[in-house]
Amino acid sequence: MRQYICDNWQFMPEFDEKMLTAEKISDAKEVKIPHSVVDMPYNCFDESIYQMVSGYRRILNVDEKYKGKVILLTFDAVAHHADVYLNGEHIGAHNTGYTAFSIDISDKVRFGEDNVLTVKADSRESLNTPPFGFVIDYMTYGGIYRDVYLDIRQKEYIADIYVHPEVTFDGSLIKAAAVSDITLSDPAVARRDDIVIRQTLTDRKTGENRVLGEVSAKAGNSVSFDAGDIELWSPDEPYMYDLKTELVLSGEVCDTVITGTAFRRMRFNKDGFYLNGKKFWIRGLDRHQCYPYVGYAMPKSMQVMDVKVLKYELGLNAVRTSHYPNSHYFLDACDEMGLLVFTEIPGWQHIGNDEWKEQAVTNVREMILQYRNHPSIILWGVRINESQDDDEFYTRTNTVAHELDPYRQTGGVRYLKKSSLLEDVYTFNDFTHDGTAPGCQHKKDVTPDMEKGYLISEYGGHMYPTKAYDDEEHRLEHALRHARVLNAVAGEEGIAGSFGWVMADYNTHRDFGSGDRICYHGVLDMYRNPKQAAFVYSSCQDETPVLEVSSSMDIGEHPGGNNGKIYIYTNAESVRMYKNGKLLKEYTRNDSEFKNLKSGPIRVDDFVGNAVHESGLYSDKQADLVKYGLNANNVYGMNNLPLKAKLAFLKATVMYHMSFSDMADAYGKFIGDWGGEATVYKFEAIKNGKVVKTLIKGIMESVHLSAVADHTLLKEDHTYDVAAIRLQAHDQNENIVSYFQEPVEIVTEGPIEIIGPEITVLRGGMGGTYVRTTGKDCEIEVVPEGLNKLLIRAK
């Protein structure tokens with residue numbers, strides 16, 4: 001039985017010995033877990049703000065009826081060193097803030113009485129533990145930022161179960177077995193004559209239960225049962241089961257463990273990644289687990305939201321949890337929604353001394369023991385991100401990984417070419433593309449072993465930081481760089497796929513970022529609003545119609561008053577483009593220059609349509625020249641025309657005696673963006689002959705505030721719930737007004753409170769806020785009251 005103890009904690013930013021007792025401390029703050037040691041501004045702060053030795057205290061009362069049972073106290077994560085005390089006695093400690101730890105308090109707790117539970121949390125970056133020791137490109141925050149709970153067990157219980165289903169293919173037949181390695185709390189129990197292990201498999205989709213069987217005197221060994229007819233797990237069909245394992249002694253069930261599992265077969269081969277016997281292209285982004293104002297400290301709902309954004313909004317099939325294990329809530333959601341996961345140990349470039357390395361090996365052990373039942377995990381990262389070679393050290397990390405999980409492969413994220421490859425997969429950060437260089441390097445030029453798997457673990461990122469309020473051409477180039485890399489990787493033989501850096505912007509140390517302590521490397525802003533590059537990814541999926549255009553179509557946004565290069569992002573079969581109600585052109589997927597992508601960005605190359613030919617002013621051949629020249633001029637301007645366009649103008653001058661004035665008149669007549677009729681462009685996405693989405697671009701005439709909550713029914717379980725509200729300034733056609741940078745006052749009514757300031761500022765026409773419950777379930781209503789005020793009403 002599990003009892004969460006996430007409420008009724010007291011917190012002090014400076015640890016006080018009084019916290020070891022029940023003595024009242026007047027300045028202690030009442031808090032709930034998950035908790036950050038400090039509330040932070042959105043930007044312009046440094047890491048000193050959260051570096052402290054803080055204290056947490058809670059009164060713990062364990063009912064006397066549990067005397068004689070095993071009481072396990074678990075912290076899912078404390079950043080970054082924890083000392084735990086019970087009634088003033090030091091009962092345990094844990095290094096590194098990204099994995100869980102448990103303490104058996106059965107012989108320490110006073111049953112039926114108030115016990116003082118105290119945690120001394122050290123979040124200083126001077127600790128001799130990963131990822132510390134040198135510079136780090138991300139904030140590390142502090143506090144008890146994941147759940148705390150008690151597990152109450154019988155004396156004889158299942159201490160660990162590792163479920164690794166086996167799938168074999170015999171022609172069109174799928175054979176599956178539920179295989180479990182079971183460890184009991186007392187090894188002697190495994191030798192008893194009256195022991196039975198019983199397993200039942202439950203289909204989460206149908207609710208069907210099937211008793212797999214039972215076996216005697218096998219505890220502690222591998223237990224295997226024929227699973228019968230099963231459905232395979234994949235990102236397209238994330239079919240999940242629950243495996244119930246019962247420990248039966250003398251005919252009585254003394255312990256039950258339910259483990260989420262799935263049946264799938266996965267392997268990195270030299271020619272790519274294979275899932276269930278078929279080649280599968282990995283398309284993902286890296287993720288930091290941080291949020292504005294509270295750093296790491298967000299509950300289940302926000303972890304799940306990030307998976308929904310990655311899977312459904314960005315259309316991805318994979319994520320890398322850089323550079324540390326993420327919350328189990330995040331991984332659970334990846335299991336359930338179908339998102340492949342590459343997870344790795346904490347660290348960033350630096351390798352420390354022997355004590356530091358020993359902790360890193362411990363981190364490998366903890367990561368794998370705690371996360372190996374997640375079917376979504378495809379690869380263990382057992383090398384410190386972007387570190388130098390250290391064969392002795394990394395031989396140890398690989399050995400531990402293969403001993404604890406012989407069924408998954410290992411990788412080690414590096415920026416080095418031809419480095420020492422001790423892992424099963426060469427995972428490489430390829431930052432080759434700088435706008436002109438190829439999108440990625442060839443596998444043969446990077447890895448020392450062509451017979452092993454190869455995966456690009458990072459690209460983009462610092463090569464072209466992009467803010468949501470950068471100029472339009474900058475935002476377009478950011479998107480195109482992501483498209484170029486995706487396109488290049490898709491065209492390479494032997495590259496299993498890639499992870500772009502990074503999902504969302506994040507706070508960072510002084511050595512990185514844009515001077516305000518934010519790395520603007522994300523395809524989303526920190527509130528998870530999309531930058532333009534996000535649509536490159538969302539266009540790769542087929543479930544939700546996507547139609548976006550890279551430009552607001554305002555000529556004043558570009559040098560020389562030209563429209564510049566404009567791209568359509570869509571997953572439709574075709575897109576019709578209209579100008580003032582008249583069809584200019586219908587673009588298809590084949591018009592994209594990104595030939596290796598099913599739905600790559602499509603360049604707009606016609607702003608004239610048939611108007612020149614239909615005007616009757618020119619012959620057909622002359623009209624062809626005029627149309628071509630006008631379109632080129634609209635993109636590049638007269639002073640920057642490509643050679644082909646210059647030759648077209650020259651031909652028109654020589655053959656048809658057209659002067660510069662004639663061409664200028666034609667430009668005004670057929671392009672008509674200078675002082676003429678207000679231009680409205682309409683785009684229609686077509687699928688199966690039907691319009692599935694429409695987008696209108698015209699002169700901004702009005703602005704209104706859009707506010708959308710990720711969920712509106714907030715439910716308190718063992719802790720508070722949080723809703724994310726994404727804010728955007730929209731014009732009359734629901735386009736984001738990218739240069740609207742106004743403040744928004746946030747007002748709440750009812751049993752909720754704001755996370756962060758009561759006034760937020762839109763950046764690039766986008767922003768956000770968070771609200772959390774204050775003790776009970778509620779339903780929220782988000783009501784914009786004008787441009788500068790948002791009411792969030794809870795009832």
Worksheet entry | Residue list for segment 575-602, restricted to those being open to solvent by less than 60 Å² (accessible area, probe 1.4 Å), touching a residue at least 24 places away in the same chain (Cβ under 8 Å) and farther than 19 Å from GLY315 by Cα | VAL575, MET577, TYR578, LYS579, LEU584, LYS585
Fill in: All positions within segment 111-124 that are surrounded by fewer than 20 Cβ atoms within 10 Å (Cβ to Cβ) and in a loop (DSSP other than H, G, I, E, B)
PHE111, GLY112, GLU113, ARG124
Worksheet item: Is there a residue in segment 494-504 that is open to solvent by 20 Å² or more (accessible area, probe 1.4 Å), out of contact with any Leu (no Cβ under 8 Å at 6 or more places or on another chain) and touching a residue at least 24 places away in the same chain (Cβ under 8 Å)?
Response: no
Worksheet item: From VAL319, VAL304, VAL309, VAL341, which residue is open to solvent by 10 Å² or more (accessible area, probe 1.4 Å), closer than 24 Å to ARG283 by Cβ and within 11 Å of the chain's Cα centre (by Cα)?
Response: VAL304
Discussion item. Just to check your reading of the model, which residue among PHE11, PHE15 is open to solvent by 20 Å² or more (accessible area, probe 1.4 Å), of a type in the set (Phe, Trp, Tyr) and out of contact with any Cys (no Cβ under 7 Å at 6 or more places or on another chain)?
Written reply: PHE15
Discussion item. So if I check each of TYR138, TYR157, TYR162, which one is aromatic (Phe, Trp, Tyr), in contact with a Phe, Trp or Tyr (Cβ under 9 Å, 6 or more places away or on another chain) and buried (at least 16 other Cβ atoms within 10 Å of the Cβ)?
Written reply: TYR138
Worksheet, complete the sentence: Only unsatisfied item for VAL722, checking (1) open to solvent by 10 Å² or more (accessible area, probe 1.4 Å); (2) in contact (Cβ under 8 Å) with a residue 60 or more places away in the chain, is (1)
Discussion item. What pairs come out if I take residues in segment 534-556 that are assigned to a loop (DSSP other than H, G, I, E, B) and pair them with residues that are of a type in the set (Lys, Arg) whose C-beta lies under 6 Å away, six or more apart or interchain?
Written reply: PRO545/LYS693; MET553/LYS697
Response to the item:
When every residue in segment 63-110 that is in contact with a Leu (Cβ under 7 Å, 6 or more places away or on another chain) and assigned to a loop (DSSP other than H, G, I, E, B) is compared, the one farthest from LEU150 (Cα to Cα) is HIS80
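So that you can scan it fast, the table gives a plain yes or no per residue for (1) within 30 Å of HIS509 (Cβ to Cβ); (2) at pLDDT 95 or above; (3) not polar (S, T, N, Q):
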{"position": "TYR241", "(1), (2), (3)": "no, yes, yes"}
{"position": "SER250", "(1), (2), (3)": "no, no, no"}
{"position": "ARG283", "(1), (2), (3)": "yes, yes, yes"}
{"position": "GLY295", "(1), (2), (3)": "yes, yes, yes"}
{"position": "GLU313", "(1), (2), (3)": "yes, yes, yes"}
{"position": "ARG320", "(1), (2), (3)": "yes, yes, yes"}
{"position": "TYR324", "(1), (2), (3)": "yes, yes, yes"}
{"position": "HIS328", "(1), (2), (3)": "yes, yes, yes"}
Item to complete: Give just the number: which of (1) under 23 Å from ALA468 (Cβ atoms); (2) of a type in the set (S, T, N, Q); (3) over 24 Å from the mean Cα position of the chain (by Cα); (4) surrounded by 15 or more Cβ atoms within 10 Å (Cβ to Cβ) does GLN728 not satisfy?
Response: (3)
Worksheet item: How many of the residues in segment 511-530 are without any contact (Cβ under 8 Å) to a residue 24 or more places away in the chain and touching an Asp or Glu at 6+ places or on another chain (Cβ under 7 Å)?
Response: 1
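GLY133 - would you say it is within 27 Å of TRP501 (Cα to Cα) and touching a strand residue (DSSP E or B) at 6+ places or on another chain (Cβ under 6 Å)?
Judged against the criteria, GLY133 is not a match.
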Worksheet entry | Qualifying positions in segment 352-378 - in a helix (DSSP H, G or I), of a type outside the set (Asp, Glu) and either at pLDDT below 95 or open to solvent by 10 Å² or more (accessible area, probe 1.4 Å) (or both) | LYS357, GLN359, THR362, ARG365, LEU369, GLN370
Discussion item. Give all pairs with beta carbons closer than 6 Å in which a residue from segment 102-127 that is farther than 22 Å from LYS155 by Cα meets a residue that is among the hydroxyl-bearing types (Ser, Thr, Tyr); count only pairs at least 6 apart in sequence or on separate chains.
Written reply: THR118/TYR85; VAL119/TYR56; ALA121/SER54; SER123/TYR50
Worksheet item: Which members of segment 588-611 meet the condition of being closer than 15 Å to LEU480 by Cβ and either of a type outside the set (D, E, K, R) or assigned to a loop (DSSP other than H, G, I, E, B) (or both)?
Response: SER592, GLU593, PHE594, LYS595, ASN596, LEU597, SER599, GLY600, PRO601, ILE602, VAL604
Worksheet entry | Residues (under 19 Å from TYR241 (Cα atoms) and charged (D, E, K, R)) located in segment 188-215 | ARG198, ASP203, ARG204, LYS205, GLU208, ARG210, GLU214
Worksheet item: Here is a list of conditions, (1) in a strand (DSSP E or B); (2) under 36 Å from the mean Cα position of the chain (by Cα); (3) surrounded by fewer than 13 Cβ atoms within 10 Å (Cβ to Cβ), and GLY207 meets all of them except one; can you say which number that is?
Response: (1)
Response to the item:
Filtering segment 410-434 for residues that are in a strand (DSSP E or B) and either of a type in the set (Val, Ile, Thr) or open to solvent by 10 Å² or more (accessible area, probe 1.4 Å) (or both) leaves a count of 4
Worksheet, complete the sentence: Reported set for segment 747-795 where residues are surrounded by 19 or more Cβ atoms within 10 Å (Cβ to Cβ), over 24 Å from ALA468 (Cα atoms) and of a type in the set (Val, Ile, Thr) is ILE752, THR773, ILE780, ILE792
Response to the item:
Log entry, pairs with first residue in segment 276-296 being farther than 11 Å from MET526 by Cβ, second being open to solvent by 30 Å² or more (accessible area, probe 1.4 Å) and aliphatic (A, V, I, L, M), beta carbons closer than 6 Å, six or more apart or on different chains, reads ASN276/LEU232
Item to complete: Could you check GLU403 against (1) touching a residue at least 12 places away in the same chain (Cβ under 8 Å); (2) in a helix (DSSP H, G or I); (3) open to solvent by 20 Å² or more (accessible area, probe 1.4 Å) and say which number it fails?
Response: (1)
Practice prompt. Output yes when any residue across segment 181-194 is of a type outside the set (D, E, K, R), open to solvent by less than 10 Å² (accessible area, probe 1.4 Å) and outside any helix (DSSP H, G or I), and no when none is.
Written response: yes
Practice prompt. May I ask you to verify whether ILE384 is of a type in the set (Val, Ile, Thr), closer than 20 Å to HIS80 by Cβ and either without any contact (Cβ under 8 Å) to a residue 40 or more places away in the chain or crowded, with 20+ Cβ neighbours inside 10 Å (or both)?
Written response: yes
Worksheet entry | Selection count, segment 442-467, where residues are in contact with a helix residue (DSSP H, G or I) (Cβ under 9 Å, 6 or more places away or on another chain), open to solvent by less than 40 Å² (accessible area, probe 1.4 Å) and farther than 27 Å from MET526 by Cα | 1
Fill in: Filter pass, ASP242 being part of a strand (DSSP E or B) and surrounded by fewer than 18 Cβ atoms within 10 Å (Cβ to Cβ)
yes
Fill in: Matching option when the condition is buried (at least 19 other Cβ atoms within 10 Å of the Cβ), part of a strand (DSSP E or B) and of a type outside the set (Gly, Ala, Ser), among PHE330, PHE273
PHE273
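The values are calculated or read from the model by the stated rules, or taken from the named source; none is laboratory data. Here the structure is a predicted model, which means the values were calculated and not measured. Cβ coordinates were reconstructed from backbone atoms using ideal geometry, including for glycine residues, and neighbour counts include every protein chain displayed. Remember, those area values only see protein heavy atoms, side chains included, never the ligands or the DNA or RNA. Shrake-Rupley method; radii C 1.70, N 1.55, O 1.52, S 1.80 Å.
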